[in-house]
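The next block holds one structure in the form of structure tokens; read it before the comments.
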Amino acid sequence: MTTPEPPPPAVSTPDVWDLHARPDQISAAAESWRAVARSLGATADEVNAAAMSLLGDGWAGAAADSYDDHRRKLVTDLDHAQEQAGVAANALEDAAGALRSAQSHLTGEWGRVTAVPFTWDAPMHLLFAPKTYEQSTTVIDSIGQCAEIRSGLDSALNATVTKFRQATTEFARIATAWNGVAAGTSPPYYMPAEAAGTSVIRDGNRVVVNTGTGDDQVTVSIDPRTGLQVVEVNGVKHHYPPDAEIVVRGGVGNDRITVAPGTGVHVTLIGGVGEDELRGGDGRDTILGLDGKDRIYSGAGDDRVSAGAGRDYADTGAGDDIGTGGLGDDILYGLSGNDALSGGEGQDYLEGATGGDTIDGGTGNDILSGGRDDDAIRAGGGDDVVYAGAGSDTTDGGRGDDTVHAEKNDRGSNVEQTVTVEIKTLQTFIQIEGTPEFRERVEADLEMLGSSPRGQQMLQALQQGHEDTEGGWWLWHHEGDSLTIREYNDPGDPNNSTASRVDGGNEIAYNTHINHLNTDQGRGYVEGPPVAVLYHEFAHVYDYMNDSLAPGVHDGPENPGANNREREATGLPIDHDDDPDTPDQIHPEHPYELTENGLREEMGAPHRDAY
């Protein structure tokens with residue numbers, strides 16, 4: 001009797017027949033790079049055409065020569081960037097092609113082994129149970145063939161990755177070389193000393209109004225009687241045709257340039273060097289802050305805003321806007337509309353607010369908030385903190401140690417830590433009074449706090465304080481402690497916000513643009529987003545509601561004379577028991593999470609060391 005041959009052993013193997021790759025996404029990225037290349041080519045042509053119209057009009061001398069040299073360098077780099085974008089696109093398409101080819105061969109190998117019985121014993125892992133040694137040999141041989149296919153793919157991908165990295169590195173070098181010019185910190189070409197008075201340059205339909213040096217007050221409006229555009233500089237009016245393209249350049253000085261509300265023309269506002277305030281109108285405005293700590297409000301319309309160098313604040317208002325922070329630690333609010341916000345360099349705070357926004361933090365440890373609706377957020381380089389907000393959001397953490405606060409169904413990639421939050425209505429009693437723009441701006445901060453774990457704690461605590469003071473026989477007809485937020489307006493102390501309480505009513509006067517705080521009686525300062533200031537005032541309201549205001553003043557050497565109630569709201573230690581022999585500590589009646597530094601800690605914003 002012949003003993004039957006035992007079956008061959010099982011073959012356990014990872015799923016080497018499927019790359020689980022998405023070459024279609026890589027091809028889409030390649031097409032995006034081609035679009036960049038096309039845009040760069042068109043931009044180079046536009047720069048040449050505009051520049052040559054000036055150079056060919058009899059302009060001569062040192063400034064003209066310097067300008068022409070600048071033109072040549074810019075066009076050369078635009079052409080080179082176009083070339084590198086094309087190289088990057090080709091490298092990505094080659095990678096997609098290599099993946100498709102390899103997968104085709106792997107699929108062919110899969111066809112060889114499907115006749116062999118198998119089970120999935122783990123995700124992307126198979127256990128073959130060959131009935132004959134021939135089947136066993138087929139599986140083992142196919143695994144070897146797959147290894148060779150994958151090895152060839154690795155070599156091909158390594159080559160494409162090298163080309164892609166070389167191209168993108170060169171692309172980034174070109175961009176970095178022009179950062180100073182784009183931000184207004186490096187002069188692009190030789191320019192004579194700026195005149196002190198107002199000058200006007202006409203170039204076809206374009207009118208450039210240079211206000212000169214000094215702190216200028218400029219208003220752009222429409223004369224309702226004639227329809228002419230009116231540019232008023234320091235009280236002097238200049239009139240231009242309705243179809244003229246107006247450019248106002250502030251120059252050196254702290255300028256205030258305003259397009260009158262309701263003005264729907266397209267204007268370009270340029271701040272120049274200094275701490276400028278630039279306000280657009282209802283048209284499609286272009287606003288450039290350039291160098292200095294600027295405040296920009298672009299208004300309604302689909303606007304383009306570049307804050308430039310310095311710590312800037314920009315509110316792009318209604319419309320589908322493009323906002324760029326540039327160099328420095330910037331604050332950008334998109335508000336309503338489908339906005340594209342980019343922080344650039346520095347620790348930036350970007351708030352998309354309502355609309356389907358695209359947010360890119362750039363380099364630096366940024367704080368990014370999507371707000372309502374479906375947003376796409378890219379944190380970029382640095383250790384970033386993201387609040388995705390309500391809606392179906394997508395977040396790419398990029399490089400760095402990132403923390404993302406998101407709803408459970410949001411999508412994320414390259415994220416080191418995800419904090420799942422449930423976003424719901426946490427307060428119903430806070431009233432906002434003021435202009436529609438102010439109300440929308442405050443609502444954006446409340447939305448952000450609603451997607452923050454500590455912000456939610458604060459809003460819940462305030463709501464609880466309101467409800468605890470409602471009704472009851474001893475509070476007959478009392479509807480609970482109120483809270484009203486109004487716009488701060490004190491010309492004598494412009495960089496402040498306050499909280500107060502009168503007869504059960506709480507009021508916050510909020511300065512929405514404040515992001516630089518003097519501390520310790522002017523001996524220091526701290527920076528951070530305006531929402532941290534609002535949170536500080538909320539901390540005061542919490543103390544009003546809970547009768548937990550710390551009495552007295554601080555007598556420590558690090559912050560002498562500061563009111564303890566301010567250090568309490570900031571989240572700094574106080575002498576809580578009036579005993580100099582015991583160490584100072586955080587006020588035991590006020591949770592640290594409900595203090596300004598508590599929120600700053602969560603956001604990764606600078607700690608406030610003194611009031």
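Name the one entry in Arg71, Arg38 that is of a type in the set (D, E, K, R) and at pLDDT below 95. First the steps, then the outcome.
On the way: Arg38 fails: at pLDDT below 95.
The conditions single out Arg71.
None of Gly370, Gly319, Gly328 is in contact with a strand residue (DSSP E or B) (Cβ under 9 Å, 6 or more places away or on another chain) and small (Gly, Ala, Ser) except Gly370. Residue check: Ile143 meets all listed conditions (1) under 19 Å from Gly97 (Cα atoms); (2) surrounded by 17 or more Cβ atoms within 10 Å (Cβ to Cβ); (3) of a type in the set (Val, Ile, Thr) but one, namely (1). Can you find even one residue in region 469-482 that is assigned by TED's automatic domain parsing to the domain that holds Ile586, closer than 29 Å to Ala353 by Cα, touching a residue at least 24 places away in the same chain (Cβ under 8 Å) and in contact with a strand residue (DSSP E or B) (Cβ under 9 Å, 6 or more places away or on another chain)? Scanning region 469-482 turns up at least one residue that is assigned by TED's automatic domain parsing to the domain that holds Ile586, closer than 29 Å to Ala353 by Cα, touching a residue at least 24 places away in the same chain (Cβ under 8 Å) and in contact with a strand residue (DSSP E or B) (Cβ under 9 Å, 6 or more places away or on another chain).
Of the residues contained in region 220-235, one or more are found to be aliphatic (A, V, I, L, M), over 20 Å from Gly308 (Cβ atoms) and touching a Lys or Arg at 6+ places or on another chain (Cβ under 7 Å).
Among Asp223, Asp216, Asp203, which is under 34 Å from the mean Cα position of the chain (by Cα), acidic (Asp, Glu), surrounded by 12 or more Cβ atoms within 10 Å (Cβ to Cβ) and farther than 30 Å from Leu99 by Cβ? Before the answer, list the steps.
Numbers: Asp223 fails: under 34 Å from the mean Cα position of the chain (by Cα); Asp203 fails: under 34 Å from the mean Cα position of the chain (by Cα).
Testing whether each residue is under 34 Å from the mean Cα position of the chain (by Cα), acidic (Asp, Glu), surrounded by 12 or more Cβ atoms within 10 Å (Cβ to Cβ) and farther than 30 Å from Leu99 by Cβ leaves just Asp216.
Filtering region 540-585 to residues that are surrounded by fewer than 22 Cβ atoms within 10 Å (Cβ to Cβ), hydroxyl-bearing (Ser, Thr, Tyr) and under 36 Å from the mean Cα position of the chain (by Cα) leaves only Tyr544.
Could you tell me whether region 37-50 includes any residue that is assigned by TED's automatic domain parsing to the domain that holds Leu153, of a type in the set (Ser, Thr, Tyr) and in contact (Cβ under 8 Å) with a residue 60 or more places away in the chain?
No, there is no match, as no residue in region 37-50 is assigned by TED's automatic domain parsing to the domain that holds Leu153, of a type in the set (Ser, Thr, Tyr) and in contact (Cβ under 8 Å) with a residue 60 or more places away in the chain.
A single member of Ser186, Ser151, Ser142, Ser136 is without any contact (Cβ under 8 Å) to a residue 12 or more places away in the chain and more than 22 Å from Asp291 (Cα to Cα), and it is Ser151.
Which of the residues belonging to region 196-214 are of a type in the set (D, E, K, R) and touching a residue at least 40 places away in the same chain (Cβ under 8 Å)?
Kept after step one, since they are of a type in the set (D, E, K, R), are these residues of region 196-214: 202-203, 206.
Those that are of a type in the set (D, E, K, R) and touching a residue at least 40 places away in the same chain (Cβ under 8 Å): Asp203, Arg206.
Just one of Ala244, Ala260, Ala177, Ala193 is without any contact (Cβ under 8 Å) to a residue 40 or more places away in the chain and surrounded by fewer than 16 Cβ atoms within 10 Å (Cβ to Cβ); which is it?
Details: Ala244 fails: surrounded by fewer than 16 Cβ atoms within 10 Å (Cβ to Cβ); Ala260 fails: without any contact (Cβ under 8 Å) to a residue 40 or more places away in the chain; Ala177 fails: without any contact (Cβ under 8 Å) to a residue 40 or more places away in the chain.
None of the other options fit; the residue is Ala193.
Only one of the listed residues (Gly289, Gly271) is of a type in the set (Gly, Ala, Ser), under 20 Å from the mean Cα position of the chain (by Cα) and under 21 Å from Gly180 (Cα atoms). That residue is Gly289.
Take Ala60 and decide whether it is farther than 30 Å from Glu148 by Cα and part of a loop (DSSP other than H, G, I, E, B). First the steps, then the outcome.
Numbers: farther than 30 Å from Glu148 by Cα: yes; part of a loop (DSSP other than H, G, I, E, B): yes.
Against the criterion (farther than 30 Å from Glu148 by Cα and part of a loop (DSSP other than H, G, I, E, B)), Ala60 qualifies.
In region 540-561 there is no residue that is of a type in the set (Gly, Ala, Ser) and under 22 Å from Gln431 (Cα atoms).
Which one of these is modelled with pLDDT of 95 or more and surrounded by 20 or more Cβ atoms within 10 Å (Cβ to Cβ): Glu537, Glu487? Spell out how you get there, then give the answer.
Values: Glu487 fails: surrounded by 20 or more Cβ atoms within 10 Å (Cβ to Cβ).
Just a single option satisfies the conditions, and that option is Glu537.
Within region 240-255, track down each residue that is assigned to a strand (DSSP E or B) and within 11 Å of Ile270 (Cβ to Cβ). Even if it seems obvious, please write down each step before you answer.
Looking only at region 240-255, we keep the residues that are assigned to a strand (DSSP E or B), and these are 240, 245-249.
Correct list: Val247, Val248, Arg249.
If we scan region 35-42, do we find a residue that is touching a Leu at 6+ places or on another chain (Cβ under 9 Å) and over 30 Å from Gly108 (Cβ atoms)? Looking through region 35-42, at least one residue is touching a Leu at 6+ places or on another chain (Cβ under 9 Å) and over 30 Å from Gly108 (Cβ atoms). Among all residues of region 427-443, there is at least one that is at pLDDT 95 or above and either closer than 23 Å to Tyr592 by Cα or in contact with a helix residue (DSSP H, G or I) (Cβ under 6 Å, 6 or more places away or on another chain) (or both).
The values are calculated or read from the model by the stated rules, or taken from the named source; none is laboratory data. Not measured: the values here are computed from a predicted model. Please note: Cβ atoms are built from the backbone with ideal geometry, for glycine as well, and neighbour counts cover all protein chains shown.
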